[in-house]
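Visitor: Below you will find the structure I want to go over with you.
The values are calculated or read from the model by the stated rules, or taken from the named source; none is laboratory data. Predicted model only: the values in this text are computed from it and were never measured. Here the Cβ positions follow ideal geometry from the backbone for every residue, glycine too, while neighbour counts run over all protein chains shown. The accessibility values were calculated without ligands, DNA or RNA, using every heavy atom of the protein model including side chains. Shrake-Rupley method; radii C 1.70, N 1.55, O 1.52, S 1.80 Å.
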Amino acid sequence: MSTSEMTSVASSAGSLQQRVINDFSIQVATVNGSGSQTANNVLMRAIFQMGVPISGKNMFPSNIAGLPTWFTIRASKHGWIARKKEIDVLVAMNPETAREDVMSLAPGSVAVYDEMLRLKELRSDIHFYPVPFDKLVTPVCPNAKLRKLVRNMIYDGVVAYLLGIDLEEIHKALFKQFGPRKAKAAELNWAAVQAGHEYATANLTKTDPFAIERMDGNRGKIIIDGNTACALGCVFAGVTVVIWYPITPSSSMMEAMIGYLKRFRIEPETGRSTYAVVQAEDELAALGMVIGAGWAGARSVTATSGPGISLMSEFTGLGYYVEVPAVIFDVQRAGPSTGLPTRTMQGDLLKNALLSHGDTRHPMLFPSSPEECFSLAQDAFNLAEFFQTPLFVMTDLDLGMNNWMADQFEYPTEPISRGKVLNAEDLKRLGGFARYRDVDGDGVGYRTLPGTNHPSAAWFARGSGHNDKAQYSEREDDYIDNMNRLRHKFDEMKKHVPPPEVVLNEKADIGIVCCGTSRWGAEESRDQLKREYGLETSYLRLKAYPFGEELNAFIARHSRVYVIDQNRDGQLLELMRLDFTAEEISRLRSVRYYGGLPLDARTITGEIVGQEGL
Amino acid sequence: MSTTSSPAVKKQNRLGFETAAYKGGRSTLCAGCGHNAISERIVEVFYEMGVQPWNVAKFSGIGCSSKSPAYFLGMSHGFNAVHGRAPAVATGALLANQHLTGILVTGDGDTASIGIGHFMHLLRRNLPLIYIIEDNGVYGLTKGQFSATADVGSKTKSGVVNEMPPIDCCMLGIELGATLVARSFSGDKRQLAAILKACIAHKGLSVVDVISPCVTFNDHEDSTKSYAYMKEHDDPIHDIHFVPFFEDITVEIPEGETREVTMHDGSRLRLQKLGEDYDPTDKIGAINALHASAKTGNVLTGILYYDGGQPDMFEQLGMVDEPLATLPESRVRPPRAALQTVMEELS
Ligand SMILES: Cc1ncc(C[n+]2csc(CCOP(=O)(O)OP(=O)(O)O)c2C)c(N)n1
Ligand code: SF4
Ligand SMILES: [Mg+2]
């Protein structure tokens, strides 16, 4: 908090405190299935509407109702949106976790809680605000069945009073959340907010320093989760065949996609769709259908997570060897096996790079933000179609399911490009073609689509050995030539995939490398390292695999390069080890976090400081 | 069929193609393998029906049977996929281009074991596709292990007896929503050809289980999928006369002995009674007949079930008429205003 702008005020308790404005975190501890999501989103949105940069992290259990859930909103006037480990304002609504939640707070924090929980006795070094939730909810919600859901809105009112959040903004956020069709429900909830606010105004005396004040930190921004951003990306990339099998945390991407397709891709004249969506029988079928569709020329996509990836292994190898475009979104969660389905991880990097038996390599893209979910989705299709190969877009639960503040998406400027596809006119001109011949030197052959109106259009796609005319072959030379061309094609991708974001610091001896959502913790950690330890760093954030030359150049410039991984085994670093020289590898250091929560800056800072011996 | 054409002029179909246009590469299957006879029927029937060869997409899994798409329709695109999962590939491909004529050839191992999940879900979707099971009761390509269609009591060459009840893919087909279900025998050229023509005319999923003896691993005395067994036990339920929409032939069949069905494309299917009357539009009757014949050891062949009135998968999904794969950018990328609206909603 050293750089925060602080003002001294006399608290009503009489002590002199430094006010903390727009730079703290609020955590709401509830039970899932209690409807708290609405209250949390409204609170987050209201703060956002006041111009304060925010981020929201939902830590939820893998069940439908009855287990503890924590929702953390971080307000940061500096724009830091990584998870913040320390909680400043707790709203303790879950009797089961309330004691532990309160005990883990730092001195000086706030706890708003249900009066009945009697938490006040626990400690004397935090600001307690008891609220009689049950007493307040009964008059505003006569229907006992709805009370459980409406009850949570009361804390929005209380917190709004305590932190100085404009009630008008809560009202606006609430009605936006419910939409015009649920105006009645919105009214009911609004009554609960008001009840909370009135109670707090009349009964609570503010003793803590935390406050939200209007600023201009997010003009023109939107709030969106990564899954919805990916879905929009696919819709605007012109996806036509969408196949899925439900799995957390990817399902909401497909549900969002279906929603947007229905809105924007039904032709008004006929009422018919320019797409097909199939909920497949399993992930094997899902990828099989995507590959069939890709072979026949459609832009096809599926989304899944770890267990689904494991099932897709065989078809990924087929797509690689037959050379068919396929786009697979992997919203990574914590494995192995079922693992922690509602926790985040970068656990599939190594697996997906080499998925399936035999020698395979698959390109991956690493979006870090909703903006990149949207733009890299477009790139994903163009690359998969150009290189005629399965491609993985590696997001994770943190990006996919949490709400993020983002810039408005830019309408795609590039036309949809379908890669090397020969049509009937081309065939007339050429007389024929050899499917896997490397005509252009980039390892990518020309293909035709079934249904092409020409007698020599046909080729036979097979996962067994083949020569450059796609004919069955078990010959040693055919096999080796083909495998070499496939490797060459993969290496060629380096020139075409999105380049990394590089920040070179002339004063830095060490570099930090990461991908995906590690970005947010890494960027804040660089600031901490500099401010708190005087440690200058350079930075390279990968957006794609295969890694381009930029990474080699970056490693060469720095004595030590910290590779950040959100997994136990340092998978991103392992991928570098596969292809890098011993000299390069000797400079690599590993920073790993694998607790399943969004990566925070403190963890990275602590790790680097420790390894640097500072 | 006319027999008047002079031998000097090569016969051509209605598109002007000779049979050669429908042939594929030389078969590498064993001589006498039932699968080869099925490939021959496919060549013959696609020729006679005048199907545009480059509008056909062939699919298969892995097995001796699944190799056969390389041996027919050489001018058609083909996709030899992975073991048991060709239905998924075919589904995706036909969704991408619904104008293709899809034909999928698999084995009983493909369909009734490793791929049975895909098979069952394919049945539910009424995807317009001709699904042929080359059913030999064994895994040919991995050298003679039992498949899940082997009958109770049948023996492998080495003497192992199968104790488990077989999966009847036709029964599954009727039960789970296939709209044309047939069984035939690779040795019955006339019947198989007529059935395959009906499949081409059908708009929906056709499942044809063809008993196709494996001469190398399952054609011995104790096999119920052998040539000898089928010669004894083949029990056709009707004589099938297929009259394509583009031919106006009046076949004389005695009144009252025939059921006639007009198919989607205007072709007519005349099913001439043989023995017991059989109504292929009666689902429960069909299932009962299959159960009854299984008890006798006889193999009912013919068009076991037909329902021409169901919407196909494309209609169910409400898709536009043109192939999705080649829709222009203007029809698949929503306009700038659409993105603007979404951004406003989220801000
Ligand atoms: C995943 C997988 N498991 C096993 C195999 C080995 N395999 C190849 S063909 C086959 C069985 C083929 O039997 P069937 O489908 O009946 O075809 P047939 O050879 O009898 O025509 C098996 C088990 C494989 N290719 N893939
Ligand atoms: S092994 Fe059997 S199934 Fe395979 S080709 Fe030979 S006869 Fe046919
Ligand atoms: Mg078999």
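Visitor: Checking the a/c ratio against 1.5 first, then a/b against b/c, what shape does the Cα gyration tensor give for the stretch A:324-433?
Guide: oblate
Visitor: So what is the accessible area of the stretch A:70-149 per residue, in Å², with the probe set to 1.4 Å?
Guide: Ligands and nucleic acids excluded, the result is 48 Å² per residue.
Visitor: GNM on chain B, C-alpha springs below 10 Å: top fluctuator among B:300, B:324, B:172?
Guide: With Cα springs under 10 Å in chain B, the top fluctuation among B:300, B:324, B:172 is at B:324.
Visitor: A 28 angstrom limit on the alpha carbon distance is what I want to check against. Which of B:231/B:295; A:221/A:262; B:10/B:273 exceed it?
Guide: Among B:231/B:295; A:221/A:262; B:10/B:273, the Cα-Cα distance tops 28 Å for B:10/B:273.
Visitor: Quantify, in whole percent, the carbon and sulfur part of the accessible surface of chain B (1.4 Å probe; protein heavy atoms only).
Guide: Within chain B, the accessible surface is 53 percent carbon and sulfur.
Visitor: Can you give me the Rg/Rh ratio for the protein assembly as shown, using Cα atoms for both radii and the Kirkwood formula for Rh?
Guide: Rounded to two decimals, Rg over Rh is 1.05.
Visitor: Leaving out ligands and nucleic acids, note down the accessible area per residue over the stretch A:340-437 with a 1.4 angstrom probe, in whole Å².
Guide: Heavy-atom SASA per residue in the stretch A:340-437 reads 33 Å².
Visitor: Inverting the mean 1/r over all pairs of different Cα atoms, compute the Kirkwood radius of the stretch A:224-407 and quote it in Å.
Guide: By the Kirkwood definition, the hydrodynamic radius is 15.8 Å.
Visitor: Report in % the part of the accessible area of the stretch A:261-366 that belongs to carbon and sulfur, leaving out ligands and nucleic acids; probe 1.4 Å.
Guide: Carbon and sulfur: 53 percent of the exposed surface of the stretch A:261-366.
Visitor: Would you mind checking the radius of gyration and Dmax of the stretch A:291-347 based on alpha-carbon positions, in Å?
Guide: Computed over the Cα atoms of the stretch A:291-347, radius of gyration and Dmax are 12.9, 37 Å.
Visitor: Using only helices, what value at 222 nm comes out for chain B when you add -39,500 (n - 2.57) per DSSP H run of length 4 or more and divide by the total residues, to the nearest 500 deg cm²/dmol?
Guide: -8500 deg cm²/dmol
Visitor: What number, rounded to the nearest 500 deg cm²/dmol, is the helix-based mean residue ellipticity at 222 nm of chain A, given -39500 (n - 2.57) per DSSP H run of at least four residues and division by all its residues?
Guide: Theoretical 222 nm ellipticity from helices: -11500 deg cm²/dmol.
Visitor: Tell me, what is a quarter of the convex hull surface for the C-alpha atoms of the stretch A:424-495, in nm² with one decimal?
Guide: If I average the Cα hull's projected area over directions, I get 5.4 nm².
Visitor: So what are the stretch B:19-317's ellipsoid semi-axes, whole angstrom, largest first, if each one is the square root of 5 times an eigenvalue of the alpha-carbon gyration tensor?
Guide: Equivalent-ellipsoid dimensions as semi-axes: 26, 23, 19 Å.
Visitor: Still on this structure: Comparing B:144, B:266, B:16, which has the greatest mean-square fluctuation in the GNM of chain B with Cα pairs linked when under 10 Å apart?
Guide: Greatest mean-square fluctuation among the candidates belongs to B:16.
Visitor: Now, a different point. Once both labels are modelled 7 Å past Cα along the beta-carbon direction, what's the residue B:124-residue A:407 spacing in nm?
Guide: Once both label points are built, they end up 4.5 nm from each other.
Visitor: OK, next. Go through the stretch B:132-141 residue by residue and turn each phi into a ³J(HN,Hα) via Karplus (6.51, -1.76, 1.60, θ = phi - 60°); whole Hz please, and just put x for glycine and proline.
Guide: Computed from phi, the couplings for the stretch B:132-141 are 10, 9, 8, 9, 10, x, 9, 8, x, 5 Hz.
Visitor: Go through the stretch A:246-261 residue by residue and turn each phi into a ³J(HN,Hα) via Karplus (6.51, -1.76, 1.60, θ = phi - 60°); whole Hz please, and just put x for glycine and proline.
Guide: x, 7, 6, x, 9, 4, 5, 5, 5, 5, 5, 4, 4, x, 5, 4
Visitor: For residue A:351, list the aspartates and glutamates whose Cα falls under 18 Å from its own Cα; do not include residues on the same chain fewer than 8 positions away.
Guide: Cross-link targets: A:283, A:314, A:330, A:359, A:396, A:565, A:569, A:574, A:579.
Visitor: Which residues of the stretch B:52-101 end up with at least 50 Å² less accessible area in the presence of all protein chains than when their chain stands alone, using a 1.4 Å probe?
Guide: B:54, B:77, B:78, B:79, B:80, B:82, B:85, B:88
Visitor: Along the charge dipole of the protein assembly as shown, pointing to its positive end and built from +1/-1 on Cβ of Lys, Arg, Asp and Glu, which listed residue (A:493, B:199, A:558) has its Cα farthest out?
Guide: Highest projection toward the positive end goes to A:558.
Visitor: Show me, for the stretch A:491-501, the HN-Hα J-couplings you get by feeding each phi into the Karplus relation (A = 6.51, B = -1.76, C = 1.60, θ = phi - 60°), rounded to Hz, glycine and proline as x.
Guide: 5, 4, 4, 3, 7, 10, 6, x, x, x, 8
Visitor: Suppose R0 equals 45 Å; then what is the FRET efficiency for residue A:414 and residue A:96 from their Cβ-Cβ distance, rounded to the nearest 0.05?
Guide: Once rounded, the FRET efficiency stands at 0.30.
Visitor: Please compute the per residue accessible area over the stretch A:501-612 with all protein chains in place, 1.4 Å probe, rounded to a whole number of Å².
Guide: With the other protein chains kept in place, the stretch A:501-612 gives 37 Å² per residue.
Visitor: Hey, can you list the residues from the stretch A:445-461 whose accessible area shrinks by 50 Å² or more with all protein chains present, relative to the chain by itself (probe 1.4 Å, no ligands or nucleic acids)?
Guide: A:450, A:451, A:455, A:458, A:460
Visitor: Tally the DSSP beta bridges in the stretch B:19-317 and give the antiparallel ones as a percent, rounded to 5.
Guide: 40
Visitor: Suppose we keep just the DSSP beta bridges with both residues in the stretch A:484-544; what percent of those would be antiparallel, to 5?
Guide: Counting DSSP beta bridges with both partners in the stretch A:484-544, the antiparallel share is about 35 percent.
Visitor: Is the stretch A:3-217 rounded, prolate or oblate when judged by the Cα gyration tensor, a ≥ b ≥ c being the square roots of its eigenvalues, rounded requiring a/c under 1.5 and prolate requiring a/b larger than b/c?
Guide: Note, shape of the stretch A:3-217 comes out rounded.
Visitor: Which residues of the stretch A:263-293 end up with at least 40 Å² less accessible area in the presence of all protein chains than when their chain stands alone, using a 1.4 Å probe?
Guide: Residues meeting the cut-off: A:263, A:264, A:267, A:272, A:273, A:274, A:276, A:278, A:281, A:289.
Visitor: Taking H as built 1.01 Å from N, whose amide H comes closer than 5 Å to the amide H of residue A:538, not counting residues under 5 places away?
Guide: For residue A:538, the qualifying residues are A:505, A:510, A:511, A:512.
Visitor: Report, by chain and number, residues whose modeled amide H sits under 5 Å from the one on residue A:111, excluding near sequence neighbours (fewer than 5 apart, same chain).
Guide: It is A:90, A:127, A:128, A:129, by chain and number.
Visitor: Then there's this: Just to be sure I understand: if you take the accessible area of chain A alone plus chain B alone and subtract the pair, with a 1.4 Å probe, what total do you get in Å², rounded to 100?
Guide: Counting protein atoms only, the buried area is about 5200 Å².
Visitor: Suppose we keep just the DSSP beta bridges with both residues in the protein assembly as shown; what percent of those would be antiparallel, to 5?
Guide: 40
Visitor: What lysines could a cross-link reach from residue A:184, if we take a straight Cα to Cα line under 24 Å and drop same-chain neighbours fewer than 8 places away?
Guide: Reachable lysines: A:135, A:145, A:148, A:172, A:176.
Visitor: Residue A:589's amide H: which non-local residues (gap 5+, or another chain) put their own amide H closer than 5 Å, with H modeled 1.01 Å from N in plane and none for Pro or chain starts?
Guide: Placed amide hydrogens put A:561, A:562, A:563 under 5 Å from residue A:589.
Visitor: A further question on this structure: Run the reach check for residue A:494 against lysines, Cα to Cα strictly under 18 Å, same-chain hits fewer than 8 apart removed. What comes back?
Guide: A:543
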